[in-house]
1. Being loosely packed, with under 10 Cβ neighbours inside 10 Å and either aromatic (Phe, Trp, Tyr) or assigned to a loop (DSSP other than H, G, I, E, B) (or both): is that true of Asp58 here?
2. Looking for something among the hydrophobic types (A, V, I, L, M, F, W, C), free of Cβ contacts under 8 Å to residues at least 12 places away in the same chain, out of contact with any Leu (no Cβ under 7 Å at 6 or more places or on another chain) and loosely packed, with under 10 Cβ neighbours inside 10 Å - is there at least one such residue anywhere in the range 34-41?
Amino acid sequence: MTQDMSALEREIEETRQRLASTIDQLAHRAHPKTIVGRQVTTVKSSFVDLDTGAPRTDNILKVAGAVVGVVVLFAIVRRVAS
């Protein structure tokens, strides 16, 4: 009986440790700085190859073209509206 109790207590303690570790991991993943870091890495990977550090010119040119297009569209709309 005491052996069963000690085994049960040991199992409960191991479960507590696993739960504490899981809660710590979740708290780290949900921390705002961690979330921002993940998002920054995601955006960076769109414009820079994370392995080599080389810029991804195709994606950079796409975004630059879209920005120029929006600026031109705003200029045309503004000219037509006035």
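Bear in mind that the values in this text are calculations on the coordinates, not laboratory data. This one's a predicted model, so the numbers in the text were calculated from it and none came from an experiment. Note: ideal-geometry Cβ built from the backbone for every residue, glycine included; neighbour counts use all protein chains shown.
1. Judged against the criteria, Asp58 is not a match.
2. The answer is no; no qualifying residue exists.
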